[in-house]
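Taking it in order: structure first as structure tokens, then the write-up.
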Amino acid sequence: MRSSQRRILWLLVALVIVLLIAGLVSAAVYWWVGRQPAFDSGWQDPIAEVDVDQIEPGLALYPLAGASLLETADASIDDGQLETAYATLAWGWEAMDTQRLGRLIRLGQELARAREGARAHRVYQQVADTAVLSPELNDPTRADALMSAGQGWTALGQEDLAQWACDQVYALAVHSPYMQVAHRREWLRKLVDAYRDLGAVASADRCRQRLVELDQGARPQPTAPALESPPLPGMDEPVSSAEVGALEERRRQAAYALLQSLSGGGEAPSGLVKALADALRAEDTAKMALYGQVLNEARIELGQRINVHWHLIRWLMIKDQVARKGFGLSLVPEWEAQATEIQSQLTTAYEDLFFDYEDWVAALPDSTWIEPARYRERRLITLAGRMGWYPNYPEQQMADKIRDAATALIAAGLVDPLYVDVVLEEKGLRFTLSPGREYGTPSQGP
């Protein structure tokens, strides 16, 4: 009898231990799942993600007063106004890609520290898209941006995205014809640590092997000159008049006065808001008339047309930001009611820009310039779509056009450089870098 009681007692003790272990395991799983932010890895329009209620007008209005977009973003980050910085960079298409990348990387790090993981994730997506698609970056800059995105995703627990970013850096370090040996070594060493942090032992070992091969004098991918073609025409010349210049100054002064009134806190004075609204309306009337007049001139050259398109887009981006309250307050109420129409105007402006770029490329005097220029302008327009500047851009159509341009370059014998490829994933398209000899095949990483 006593033996049976002991057996029952031990069984009960064992059951308690099993339940405790199960509880600890469940708690650990719950903690691990809970710490992983529920990020949607699919592409989202960066501008549509802006939370206008969190924008500080006392900072956001500075570009309307004539201040630099980049200085405004820097000041917003320094003041901890991270949503203001996000909005400034989201609409800030005028900044050079290299300059915007630096601010985006810093913003992503600050958002992560502030436990704004989902917003940091979106910023790192913009960094990655810019690094892959921008036609104006050099390959060391691309690698640096992608490494920063990968490190950011690693810190956020997004291992799949971090692995993809590291694989892109590996492709640049090994296959880019524009990398010096010192740069290749630098990135391969960084990748050893990055892959180790991700638990990707085989990938880390492959990077070590590449380093050994370089140390043993193995010949890396030979450096090569960039694909030659004239620079794409852009917003190269002013399109203005005495009237437009005076109205721009009126708007800057009105914005500055409103900023001064906001410096002490409190509500924006209605009279100063109205003054800025009136200035914006007058500037809009004059600019839209001027740009329409120049574009309708019979003898305007394609390069000049492209220049005007960019000026029109710059103004429509300002109108779009006002219409979506992207400066942190309501400025021109009727534009808010016309927000969809303004986005439609932006779409049309980008469509016209693309068609004129295509015509400009086709008219190049040297046939060897055509395919490189076509490839670059299609990347430029697609990047505008991914950044949200080209509303409702034809994603699949532009992806196909990029692949057509890359395939034409490869068919012409230019197979050494990396080309932008397109991968269809469960949640949409991903733009990725692929060596010419592997173009069109799924990347398996190192």
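Below is a table of values for the structure above.
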{"quantity": "Rounded to the nearest 10 Å², the accessible area of E336 at probe 1.4 Å", "calculated": "50"}
{"quantity": "Residue-level accessible surface for L383, protein heavy atoms, 1.4 Å, Å²", "calculated": "10"}
{"quantity": "Cα shape, segment 108-209, gyration tensor, a/c 1.5 rule", "calculated": "oblate"}
{"quantity": "Accessible surface of the chain, 1.4 Å probe, proportion on carbon and sulfur as whole %", "calculated": "52"}
{"quantity": "Projected-area mean, segment 310-373, by convex hull of Cα positions, square nanometres", "calculated": "5.2"}
{"quantity": "Additional length obtainable on full extension of the chain from M96 to S240, 0.36 nm per residue less Cα span", "calculated": "49.6 nm"}
{"quantity": "P(r) weight above 33 Å for the chain, C-alpha pairs, percent", "calculated": "45"}
{"quantity": "Residues N138 and A202, FRET efficiency given R0 of 35 Å [Cβ-Cβ distance, rounded to 0.05]", "calculated": "0.75"}
{"quantity": "With eigenvalues of the C-alpha gyration tensor scaled by 5 and rooted, segment 47-172, Å", "calculated": "25, 17, 10"}
{"quantity": "With DNA, RNA and ligands ignored, accessible area of E334 (1.4 Å probe; Å², nearest 10)", "calculated": "70"}
{"quantity": "The chain: angle of helix 139-155 to the longest principal axis, Cα-based, in degrees nearest 10", "calculated": "50"}
{"quantity": "Backbone N within segment 268-296 under 13 Å of label point (7 Å from E334 Cα along the Cβ vector)", "calculated": "277-286"}
{"quantity": "Stokes-Einstein D for segment 243-305, Kirkwood Rh over Cα pairs, 25 °C, 0.890 mPa s (µm²/s)", "calculated": "182"}
{"quantity": "Gap separating the Cα centres of segment 226-304 and segment 60-116, nearest whole Å", "calculated": "21"}
{"quantity": "Rounded, prolate or oblate (a/c below 1.5 giving rounded, otherwise prolate when a/b exceeds b/c) for segment 275-385 by Cα gyration tensor", "calculated": "prolate"}
{"quantity": "Integer Hz, Karplus 6.51/-1.76/1.60 couplings in order for segment 50-66, x for Gly and Pro", "calculated": "5, 9, 5, 5, 9, 7, 8, x, x, 10, 4, 6, 4, x, 5, 8, x"}
{"quantity": "Rg over Rh [alpha-carbon atoms, Kirkwood Rh] for segment 73-121", "calculated": "0.94"}
{"quantity": "Å² of accessible area per residue within the chain, as computed with a 1.4 Å probe and no ligands counted", "calculated": "48"}
{"quantity": "Reachable lysines from K325, criterion Cα separation under 23 angstrom, eight or more residues apart if same chain", "calculated": "K274, K287"}
{"quantity": "Max mean-square fluctuation residue, GNM over the chain, Cα-Cα springs under 10 Å, options P269, P417, P233", "calculated": "P269"}
{"quantity": "Note, ³J(HN,Hα) from phi for segment 270-285, Karplus 6.51, -1.76, 1.60, rounded to Hz, x at Gly and Pro", "calculated": "4, x, 6, 5, 5, 4, 5, 4, 4, 5, 5, 4, 5, 5, 4, 4"}
{"quantity": "Estimated FRET transfer efficiency (D79, R299; beta-carbon r; R0 51 Å; 0.05)", "calculated": "0.55"}
{"quantity": "Extended-chain gain in nm, criterion 0.36 nm per residue less alpha-carbon gap, V181 and Q397", "calculated": "74.0 nm"}
{"quantity": "Rounded tilt (10° steps) of 2-35 against the dominant C-alpha axis of the chain", "calculated": "20"}
{"quantity": "Cα long-axis angle, helix 159-175 against the chain (0 to 90 degrees, to the nearest 10)", "calculated": "70"}
{"quantity": "Proximal lysines to K401, defined as alpha-carbon separation beneath 26 angstrom and excluding residues fewer than eight positions away on the same chain", "calculated": "K427"}
{"quantity": "The chain, relative contact order in percent, only Cα pairs under 8 angstrom and at least six apart counted", "calculated": "18"}
{"quantity": "Highest-MSF residue in the chain out of Q109, Q168, Q44 [GNM, Cα springs under 10 Å]", "calculated": "Q44"}
{"quantity": "Distant-in-sequence amide H partners of Y178 (H built 1.01 Å from N, under 5 Å)", "calculated": "A224"}
{"quantity": "Segment 344-421: C-alpha gyration tensor shape, a/c 1.5 cut-off, then a/b vs b/c", "calculated": "oblate"}
{"quantity": "Under-5 Å amide H pairs with Y419, H placed in peptide plane, nonlocal only", "calculated": "S434, G436"}
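The values are calculated or read from the model by the stated rules, or taken from the named source; none is laboratory data. Every value quoted in this text rests on a predicted model; they were computed, and no experiment measured them. A quick note on method: Cβ atoms are made from the backbone with ideal geometry, for glycine too, and the neighbour counts reach across all protein chains shown. What goes into the accessible areas is simple: the full protein's heavy atoms, side chains included, and nothing from ligands, DNA or RNA. Shrake-Rupley method; radii C 1.70, N 1.55, O 1.52, S 1.80 Å.
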